[in-house]
Amino acid sequence: MLNRFEGKVIAIAGGSGGIGSGVSHRLAAEGAVVIVGDVNLDAAEQTAAEIIAKGGRAMPLKIDIGDEASVKAFVHTAVGTHGGIDGFYANALDSTHMGDDSDAVAIDMAAYDQMMHVNSRGYFLCTRHAVPQIIARGGGCMLYTSSGAAHFGLPDRPVYSMLKSGIHALARHVASRFGKQGVRSNVIAPGLILHPVMEAVLGPQYLAEALTGVKVPRLGQPKDIAAMAALLLSDDGAFVTGQVISVDGGASMRP
Ligand SMILES: NC(=O)c1ccc[n+]([C@@H]2O[C@H](COP(=O)([O-])OP(=O)(O)OC[C@H]3O[C@@H](n4cnc5c(N)ncnc54)[C@H](O)[C@@H]3O)[C@@H](O)[C@H]2O)c1
């Protein structure tokens, strides 16, 4: 295993979900102190405990990206405890209303507002509070998770697709505005990434169809996102900024 994060502190919002826990483990295995942030503190504590049991360094910390006071407190606690942050990965997803995200005519606007409030405005709040601390540290990275849904014209999920597209614009803004102050900013756009929650929700037929849509022999796993996150957050990504990188087994490539 590489050791690209020795002496680095990386904070993750949504650090204990299916993808987030994979990223947290990977960064810790490469030497980072990982601030495992999640609205589900029990899950964050579990992920951090697993990392520590393997000899890594992690601190669980509650963050609700939908609440500015919570985001601010998260960043300040991370900085106060560890002396600064070198990277912030906004990866969280409040999926409460994903099932309501039907189409632009039918959707209940309360569901629209809540999805946007947490998953779009929340990423903005993470940016707003993390970037000044990364600059104060002397430079580092913002990283965001969007989705292949941001690239496709889908008959459903209009709000999810919109908010993930907006994250691309946010990341490019950060790269453009703060790049000369040492802040790189990129997005990972995953395809279908299997983890226990997804496997429970999606049936075998859906998974079989998804497999026909990728150009490699298997579907995605959290370790695939973790590998790209580690590259982009490390100095190996030093000349990569303002980019949306698809990690999707070729599902989004042009035919
Ligand atoms: N799994 C996939 O197939 C897939 C595909 C494309 C994009 N994505 C994106 O990847 C990211 C992670 O997805 P996942 O599949 O690991 O989902 P997940 O539900 O397993 O993880 C999401 C995490 O975010 C946390 N969270 C929810 N609301 C929060 C809030 N208000 N503040 C802080 N944390 C909050 C949850 O507790 C959970 O730990 C999401 O942004 C998602 O849109 C996933």
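Right, Ser95: within 20 Å of Ala189 (Cβ to Cβ) and touching a residue at least 60 places away in the same chain (Cβ under 8 Å) or not? Don't jump to the end; show me each part of the working.
Numbers: within 20 Å of Ala189 (Cβ to Cβ): yes; touching a residue at least 60 places away in the same chain (Cβ under 8 Å): no.
Against the criterion (within 20 Å of Ala189 (Cβ to Cβ) and touching a residue at least 60 places away in the same chain (Cβ under 8 Å)), Ser95 does not qualify.
Matching residues to (1) within 20 Å of Arg172 (Cα to Cα); (2) part of a helix (DSSP H, G or I):
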| residue | (1), (2) |
| --- | --- |
| Gln205 | no, yes |
| Val216 | no, no |
| Asp224 | no, yes |
| Leu232 | yes, yes |
| Asp236 | yes, yes |
| Thr241 | yes, no |
| Ile245 | yes, no |
Item to check | Selection from the stretch 180-201 of residues that are under 17 Å from the mean Cα position of the chain (by Cα), loosely packed, with under 13 Cβ neighbours inside 10 Å and more than 9 Å from the ligand (Cβ to nearest atom) | outcome: none
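Mind checking which residues of the stretch 33-48 are among the small types (Gly, Ala, Ser) and either in contact (Cβ under 8 Å) with a residue 60 or more places away in the chain or near the ligand (Cβ under 9 Å from one of its atoms) (or both)? First the steps, then the outcome.
Taking the stretch 33-48 as the starting set, the residues that turn out to be among the small types (Gly, Ala, Ser) are 37, 43-44, 48.
Residues satisfying the conditions are Gly37, Ala43, Ala44.
Restricting attention to the stretch 6-24, which residues are surrounded by 20 or more Cβ atoms within 10 Å (Cβ to Cβ), within 13 Å of the ligand (Cβ to nearest atom), at negative phi and outside any strand (DSSP E or B)? Before the answer, list the steps.
Applying the first criterion (surrounded by 20 or more Cβ atoms within 10 Å (Cβ to Cβ)) to the stretch 6-24 yields 8-17, 19-24.
With the extra rule that they be within 13 Å of the ligand (Cβ to nearest atom), the set shrinks to 11-17, 19-24.
Within this subset, residues satisfying the condition of being at negative phi are 11-13, 15-17, 19-24.
Answer for the stretch 6-24, where residues must be surrounded by 20 or more Cβ atoms within 10 Å (Cβ to Cβ), within 13 Å of the ligand (Cβ to nearest atom), at negative phi and outside any strand (DSSP E or B): Gly15, Ser16, Gly17, Ile19, Gly20, Ser21, Gly22, Val23, Ser24.
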Next on the checklist: Need the failing condition index for Asp108 against (1) within 16 Å of the ligand (Cβ to nearest atom); (2) under 30 Å from Asp156 (Cα atoms), just the number.
Outcome noted: (1)
Checklist outcome for this item: Filter the stretch 161-179 for residues that are touching a strand residue (DSSP E or B) at 6+ places or on another chain (Cβ under 6 Å) and closer than 21 Å to Ile85 by Cβ; the one that is surrounded by the most Cβ atoms within 10 Å (Cβ to Cβ) is Ala171
Next on the checklist: Would you confirm whether or not the stretch 169-188 contains a residue that is assigned to a helix (DSSP H, G or I) and closer than 21 Å to Gly17 by Cα?
Outcome noted: no
Next on the checklist: Given the criterion surrounded by 15 or more Cβ atoms within 10 Å (Cβ to Cβ) and either at pLDDT 95 or above or within 27 Å of Ala175 (Cβ to Cβ) (or both), identify the matching residue among Ala90, Ala104, Ala49, Ala110.
Outcome noted: Ala90
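Kindly indicate whether any position in the stretch 150-166 is within 15 Å of Leu232 (Cα to Cα) and either of a type in the set (Lys, Arg) or part of a loop (DSSP other than H, G, I, E, B) (or both). Even if it seems obvious, please write down each step before you answer.
Residues of the stretch 150-166 that are within 15 Å of Leu232 (Cα to Cα), as a first pass: none.
No.
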Checklist outcome for this item: Selection over the stretch 108-144 where residues are out of contact with any Cys (no Cβ under 8 Å at 6 or more places or on another chain), part of a helix (DSSP H, G or I) and either at positive phi or not charged (D, E, K, R) (or both) yields a count of 24
Checklist entry - Which condition number does Gly213 fail, the rest of (1) surrounded by fewer than 13 Cβ atoms within 10 Å (Cβ to Cβ); (2) over 25 Å from His25 (Cα atoms) being met? => result (1)
Checklist entry - In the stretch 49-71, what count of residues is obtained for those that are within 9 Å of the ligand (Cβ to nearest atom) and not in a loop (DSSP other than H, G, I, E, B)? => result 3
Next on the checklist: Residues to consider are Leu231, Leu219; find the one that is over 30 Å from Gly138 (Cα atoms), surrounded by 13 or more Cβ atoms within 10 Å (Cβ to Cβ) and either within 11 Å of the ligand (Cβ to nearest atom) or without any contact (Cβ under 8 Å) to a residue 40 or more places away in the chain (or both).
Outcome noted: Leu219
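The values are calculated or read from the model by the stated rules, or taken from the named source; none is laboratory data. On a predicted model such as this, the values are computed, not experimentally measured, just so you know. Note that each Cβ is placed from the backbone with ideal geometry, even for glycine, and that neighbours are counted across all protein chains shown.
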